[in-house]
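Please treat every number below as a calculation from the coordinates, not as lab data. Only a predicted model underlies this, so the values are computations on that prediction, with no experimental measurement involved. FYI the Cβ positions are ideal-geometry reconstructions off the backbone, even for glycines, and counts take in every protein chain you see.
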Amino acid sequence: MPDPFRRSLIQAAGASLLSLGWPVPALAGRAPPLDVGYVPTPPRVVVAMLRLARVGPDDVVYDLGSGDGRIPIAAARRFGARATGFELDPARVLQARAEAQRQRVADRVSFVEGDLFEQDLAAATVITLYLLPRLNLRLRPVLQSLRPGTRIVSHGFDMGDWAPDRTETVEDRPIFLWVLRAGG
């Protein structure tokens, strides 16, 4: 049996293959997934991502594919930032909103139900994501067009030949940081 990180990657990869119409025996009979299967980021990795980006009270954090909202909620609760999660799954959006209320950060956190590729990301000072490599590569031009100083943190996957400014490993999981500079 693979370790939990590898198992989550296998599940996400299987969900992606299924969404493309490829048969995946382990997932057969389930409802078709959204673009990426939901795999939550462990709490220690969430905190490490936000620390790596040096999130603070003046930041606006956008989490792409926010799932249950743990990254935006932690950004507000632990680091004082304002945060927005973008999520395609309406059930996850409801779950995230309820959790933000429960943790008393709903005044600093919002969740948008919608396709992350259709969102205006210009207001973000920090972007976090835990998506599959093909989605990271598809997002890369949009992310690279954001204003200088914007920090981008990816859990699990890099951005192809775009070298990160820093990489850390937490719980055997890679975390990548890019800081946008003027002129690319």
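Quick notes on this one:
- Here's how it looks for Val170: its modeled amide H is under 5 Å from those of Ile175, which are all 5 or more places away or on a different chain.
- Formal net charge of residues neighbouring Val109 (Cβ-Cβ distance under 15 Å; K, R +1; D, E -1): +2
- Counting only Cα atoms, the range 41-94 measures 29, 22, 15 Å along its principal axes, largest extent leading.
- Each peptide among 103-116, 80-93 gets the average number of other Cβ atoms lying within 10 Å of its residues, and from highest to lowest they stand as 80-93, 103-116.
- Mean-position separation - Cα centroids, the range 50-113 and the range 133-166, in angstrom: 20
- Percentage relative contact order, the range 43-179, counting C-alpha pairs under 8 Å, at least six apart: 24
- Normalised by residue count, the range 44-184 yields a Cα convex hull volume of 99 Å³ per residue.
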